[in-house]
Amino acid sequence: MLPSIGMALVLLFSMSGCGEEDRRGVLFKGVVAPPGIVMVAGGREHTLALMADGTVWGRGSNFYGELGDGTTLNSLTLVQTVGLGDVATIAAGGLFSMAVKKDGTVWAWGYNGFGALGDGTTTDRWSPVQLQGLSDVTTVSISGYHTLALTHAGTIWAWGYNARGQLGDGTIEDRLTPVPVAGLTNVVAVSASTSGQYSLALKSDGSVWAWGSNSSGELGDGTWLERSTPAPVQGLTDIVSIAAARRHGMALKRDGTLWAWGANYYGQLGNGTRTSTRAPVKVQEPSGVISLMGGEDHSVALKLDGTVWTWGVNDQGQLGAGRDDIDSVIPLKVLRLTEVSAISAAWTHAMAMKQDGTVWAWGLNNRGQLGDGTTTNRNIPAEFLGL
C-alpha cells in the first residue's frame, strides 16, 4: 500500500522527559547555516538548501528522516544534513531527498518504500547513504516513490516504484537498485512526476519522451495507454526544458512559448480551460519564459524579465497571487517578486531565488517548509529566513 504523501505527519517524541523542541535545542543550539545559497529544492512538506560550501541544509517535515540530520524530528529552523560535502546539486521528493556530489556519486536519505532510495533495501535512512554501482551522474529527479538519474553520457537510470512502468525498463517490477531506461540516448534532461506515476526525458534533438501512467493523457502521445518504455510526446520540437507535475506535463520551446498536456481539472495547463488533453496545447501568456517547474496540480514559470507566473490549483495559496481557494486557468503574476533568477516548485509550495541571493517562498507551510519561522500558509511570498 502506498503511504499518502499528502497526509498530515505528526511526530511525538520523548527521551528522558524531553519533548521534540527541547531535544532539538540540545542537538542544534548555536548551529547556523553558512552564507551563500546556491540552490533550493522543495519536497512534499520539507525544503532543502545547497550552500556555496557544498553542504546541504533543510527544514520542515522529517518524519522519515528526509532532512538527513540523523533524527526524525521536524524542524522550523535549518538543520544540516550530516556527512555531506562537495555537493553539486540536490533534489527533494515526496518523503525523501537526494544529492549528487561533484564526483558524480549519488547520496539518498528518507523514505525507502519500494526501494525509492536505490540502496538495495527498503529501510528508511535518517542520514545519507551512497548508491553503489552508480557514477558519472549529473542530476537526479525524484518523485514520491521513484527516481531518475541522468549521466554525463546522456543515459538514464531509474529505481523505486514501477507499477505503472514509470522506470521505463519494460517491466512493472519495483527496483531496489538502479536499472537503465530502455532505448534512450543523448538525453539532456529528466523529470519524474510528483505523483510518482510517470516520467519525462528531453533529448538533445529537442524531442520529448514519456513513459508510465497515462490515465489523464500525461504521456502526451494521443492515447490513454500506459507505457513501460519511452514513447515520443506528440508534436513537440525544439524543446529546451521539461517538467512533470502530478498528472500533467509541460515543455518550454526555444522561442519562449510553453506547451502542456494531461490533466486540467484545476486549469494547470494554463490554456484558459479545464479540459484535459492527450496531446500538447499552448499555454496562454506569459511569453519570454526561461524556466518552468511543475508542482502537484499547479505550474510555475520564470520570465526573462525576472517575474514569476503561476496557474492551476490554489487551495494552499501556492499561486502566490494574494488569494486562497481560487484556482486559475491562466497564468497569474506572483506578487512581490522581481529580479528573480531561479524558481523551484514543490507539491503545494513554491520558491524563488532573487538576484540578490535571497529566497522567497509561498503556499503550504504546515511543517515550516516555507522557512519564515512559522507554520502559517502564505498566499504571498515571504522571505526564507536563516540563509
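Return the only residue of Ala382, Ala352 being modelled with pLDDT of 95 or more, assigned to a strand (DSSP E or B), crowded, with 24+ Cβ neighbours inside 10 Å and of a type outside the set (Phe, Trp, Tyr). Outline the logic, then answer.
On the way: Ala382 fails: crowded, with 24+ Cβ neighbours inside 10 Å.
Matching residue, one of Ala382, Ala352: Ala352.
For segment 103-111, the criterion of being among the acidic types (Asp, Glu), assigned to a loop (DSSP other than H, G, I, E, B) and farther than 26 Å from Ala245 by Cα is satisfied by at least one residue.
Condition check ((1) over 21 Å from the mean Cα position of the chain (by Cα); (2) under 22 Å from Val87 (Cβ atoms); (3) among the charged types (D, E, K, R)) across all residues:
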site: Trp157; (1), (2), (3): no, yes, no
site: Pro180; (1), (2), (3): yes, no, no
site: Val208; (1), (2), (3): no, no, no
site: Ser213; (1), (2), (3): no, no, no
site: Thr223; (1), (2), (3): yes, no, no
site: Ser228; (1), (2), (3): yes, no, no
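Contact map, segment 233-250: first residue on the phi > 0 side of the Ramachandran plot and of a type in the set (Asp, Glu), second residue at pLDDT 95 or above and outside any loop (DSSP other than H, G, I, E, B), Cβ cut-off under 8 Å, separation 6 or more or different chains; pairs are Asp238/Lys253. Filtered by the rule that a residue be touching a strand residue (DSSP E or B) at 6+ places or on another chain (Cβ under 6 Å) and either without any contact (Cβ under 8 Å) to a residue 24 or more places away in the chain or in a loop (DSSP other than H, G, I, E, B) (or both), segment 113-122 gives Ala116, Leu117, Gly118, Asp119, Gly120.
Answer yes if at least one residue in segment 84-92 is in contact with a helix residue (DSSP H, G or I) (Cβ under 6 Å, 6 or more places away or on another chain) and either closer than 19 Å to Ser195 by Cα or modelled with pLDDT under 95 (or both), and no otherwise. The answer is no; no qualifying residue exists. Candidates in segment 328-349 are the residues that are part of a strand (DSSP E or B) and polar (S, T, N, Q); of these, the one that is nearest to Gly60 (Cα to Cα) is Ser344. Within segment 291-327, the set of residues being among the small types (Gly, Ala, Ser), part of a strand (DSSP E or B) and surrounded by fewer than 20 Cβ atoms within 10 Å (Cβ to Cβ) comprises Ser291 only.
In segment 252-304, how many are β-branched (Val, Ile, Thr) and free of Cβ contacts under 8 Å to residues at least 24 places away in the same chain? So that I can check it myself, show each step before the final result.
Initial filter on segment 252-304 (β-branched (Val, Ile, Thr)): 257, 273, 275, 277, 281, 283, 289-290, 300.
Those left that are additionally free of Cβ contacts under 8 Å to residues at least 24 places away in the same chain: 275, 281.
So the count comes out to 2.
The lone criterion from (1) in a loop (DSSP other than H, G, I, E, B); (2) within 15 Å of Glu383 (Cβ to Cβ) left unmet by Trp362 is number (1).
If you go through segment 189-226 and pick out every residue that is part of a strand (DSSP E or B) and crowded, with 22+ Cβ neighbours inside 10 Å, you end up with 13. Scan segment 231-250 for residues that are of a type outside the set (Val, Ile, Thr) and either farther than 18 Å from Ser195 by Cβ or surrounded by fewer than 20 Cβ atoms within 10 Å (Cβ to Cβ) (or both) and the total you get is 7.
Here is a check on your reading of the model: is Thr81 more than 17 Å from the chain's Cα centre (by Cα) and buried (at least 24 other Cβ atoms within 10 Å of the Cβ)? Can you show your working first?
Numbers: more than 17 Å from the chain's Cα centre (by Cα): yes; buried (at least 24 other Cβ atoms within 10 Å of the Cβ): yes.
Yes, satisfied.
The values are calculated or read from the model by the stated rules, or taken from the named source; none is laboratory data. Given the structure is predicted, the values throughout are model-derived calculations rather than measurements. Quick reminder, even Gly has a Cβ in these numbers, built from the backbone with ideal geometry, and neighbours come from all protein chains shown.
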